[in-house]
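Take a look at the structure below.
The values are calculated or read from the model by the stated rules, or taken from the named source; none is laboratory data. None of the values given here were measured: they were computed from a predicted structure. All Cβ positions, glycine included, derive from the backbone under ideal geometry; neighbour counts span all protein chains shown.
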Amino acid sequence: MQNDVQTQAQPSVQPQHTEQTTCCIVGAGPAGAVLALLLARQGIPVVLLEEHMNFDRDFRGDTIHPSILQIMDQLGLADRLLTIPHAEMHSLNLNTSDGPFTLADFRRLKTRFPFIAMLPQAHFLEFITTEAKRYPNFRLIMGARVEKLLEEDGYIHGVYYRAQDGWHELRATLTVGADGRFSRVRKLVGFEPVQTAQAMDVLWFRLPRKANDPTEPAGRIGSGHILIMLNRDQDWQMGYVIPKGGYQKLRAAGLPALRQEMGQLLPAWVEPERIETIQEWKQVSILSVESSRLPRWYRPGLLLIGDAAHVMSPVGGVGINYAIQDAVVAANVLTEPLKVGKIRLSDLAKVQRKRELPIRIIQGFQNFMQQRVIANVLGSASASVSVSSSDEPLKVSPLMRFFIKLPVIGTLPARLIAFGPVPVHLKQ
Ligand SMILES: Cc1cc2nc3c(=O)[nH]c(=O)nc-3n(C[C@H](O)[C@H](O)[C@H](O)COP(=O)(O)OP(=O)(O)OC[C@H]3O[C@@H](n4cnc5c(N)ncnc54)[C@H](O)[C@@H]3O)c2cc1C
């Protein structure tokens, strides 16, 4: 007997269309798109549902880490992926009181790809889904918004989604929620993430980029400010870190005050005219920085991966990497059970077990960075007009400078950022 999940109020629907597949994936972000490709190439029928009509969404990061490039290489796709115009970040440098400090030098790693590729996420998703479309058992449905789950006898048997032509019922052996930080699937099953306290928010805006600008990321950390500039071809994507609650103060001080602050922080090669392009608050968006994870990522017939299972803070820019690593582990564990059409709860638990430790470690590291380093740099949230009160430049201890030069230990930050604490490889 059909018994729809009652955990959250769900719309009552009269589907005009009923379809069937083996794996239904909700959300064509990095996690969902890569999982769909990996299952499709194994001959498993997959339907990937994406609520938007295209991949050109708000900025959600453009970073493709060495670990993902290695996985693309295993698939024979890395060289083609890297023909898409991109920038390459070879190291992560900080400006400190004693001059520049290289926290992570990817050139010291043993990999074919000693860099982070800064490749527009929309192009990456387009590339992955185009590749998946080569398999006749794969279907991508854009403009398909999942609003309801289909549960029978405690087992999730698929979803109801709304498309331009009305409601659809999609039945599946396995449903995967890869629908991001505001996951609808997570809400529908009533899973409550455990939040970790956050000390910061981020202002996002764009400034024009010129042909002779540097290609590597730029910015400023220290002297009470954190400002990050990421190369997005025609624009610089700017991230200005502020203490939680600092936004109202900035708004009250007004845009001229923000522009003036930027003028003092930006590198000298950014002329004042570029800052003047920020004329309205609607050009500036506020990202509430969150970090959380679910105690349990699965239910019979359902698995959550990526940000839907663990919202990643933007610190270190690793969320895409971890979302794709979840997809690879899910494909490694679930391909054979999906081929025989039988998914046990223990298979789903195994995916969570393999991914939980790396997620906990990286979130712990992000929280440490936010609470100790970033909070120290920013000072208290009770600053006056400026978002910060500390005027101390960032300091790096002589011991840290010594360790970072050592052959193996010194590459630890680069390895952690490039591959995560537990490197992931594709099984087949
Ligand atoms: C402002 C910002 C900057 C960031 N910068 C970086 C960075 O530089 N590097 C980095 O690695 N990470 C970054 N992150 C984190 C990164 O974006 C996420 O960790 C990553 O995108 C998670 O991938 P995902 O596939 O799990 O989810 P998402 O990328 O969020 O994809 C989820 C998909 O599901 C779709 N969807 C949602 N609901 C439904 C529904 N009901 N039905 C159908 N489809 C649905 C969405 O439209 C979306 O396409 C940033 C995040 C933010 C917010």
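Taking the stated definitions as given, is GLU151 acidic (Asp, Glu) and buried (at least 20 other Cβ atoms within 10 Å of the Cβ)? Judged against the criteria, GLU151 is a match. Scanning segment 57-78 for residues that are assigned to a loop (DSSP other than H, G, I, E, B), more than 10 Å from the ligand (Cβ to nearest atom) and in contact (Cβ under 8 Å) with a residue 12 or more places away in the chain returns LEU75, LEU77.
Return the residue satisfying two criteria in turn: it lies in segment 163-194 and is free of Cβ contacts under 8 Å to residues at least 24 places away in the same chain and within 13 Å of the ligand (Cβ to nearest atom), and of such residues it is nearest to GLN352 (Cα to Cα). Selected residue: PHE182. Looking only at segment 202-210, decide whether some residue is within 16 Å of the ligand (Cβ to nearest atom), more than 18 Å from CYS24 (Cβ to Cβ) and not in a strand (DSSP E or B). For segment 202-210, residues within 16 Å of the ligand (Cβ to nearest atom), more than 18 Å from CYS24 (Cβ to Cβ) and not in a strand (DSSP E or B): absent. Within segment 313-327, residues that are of a type in the set (Ser, Thr, Tyr) reach partners that are modelled with pLDDT under 90 and within 6 Å of the ligand (Cβ to nearest atom) with beta carbons closer than 8 Å, at six or more positions or on different chains, in the pairs TYR322/MET312. Go through the residues of segment 47-56 one by one and say whether even a single one is under 24 Å from TRP204 (Cα atoms) and in a strand (DSSP E or B). No, segment 47-56 contains no residue that is under 24 Å from TRP204 (Cα atoms) and in a strand (DSSP E or B). Given VAL146, VAL241, which one is modelled with pLDDT of 95 or more, part of a strand (DSSP E or B), of a type in the set (A, V, I, L, M, F, W, C) and within 13 Å of the ligand (Cβ to nearest atom)? Of the residues listed, the single one that is modelled with pLDDT of 95 or more, part of a strand (DSSP E or B), of a type in the set (A, V, I, L, M, F, W, C) and within 13 Å of the ligand (Cβ to nearest atom) is VAL146. Determine, yes or no, whether LEU303 is under 23 Å from the mean Cα position of the chain (by Cα), more than 9 Å from the ligand (Cβ to nearest atom) and of a type in the set (A, V, I, L, M). Answer is yes for this residue. Which residue, of GLY219, GLY180, GLY158, is in a loop (DSSP other than H, G, I, E, B) and either buried (at least 16 other Cβ atoms within 10 Å of the Cβ) or not charged (D, E, K, R) (or both)? Among GLY219, GLY180, GLY158, only GLY180 is in a loop (DSSP other than H, G, I, E, B) and either buried (at least 16 other Cβ atoms within 10 Å of the Cβ) or not charged (D, E, K, R) (or both). Do the conditions hold for TYR298, that is, is it of a type in the set (Phe, Trp, Tyr), near the ligand (Cβ under 8 Å from one of its atoms) and in contact (Cβ under 8 Å) with a residue 40 or more places away in the chain? Judged against the criteria, TYR298 is not a match.
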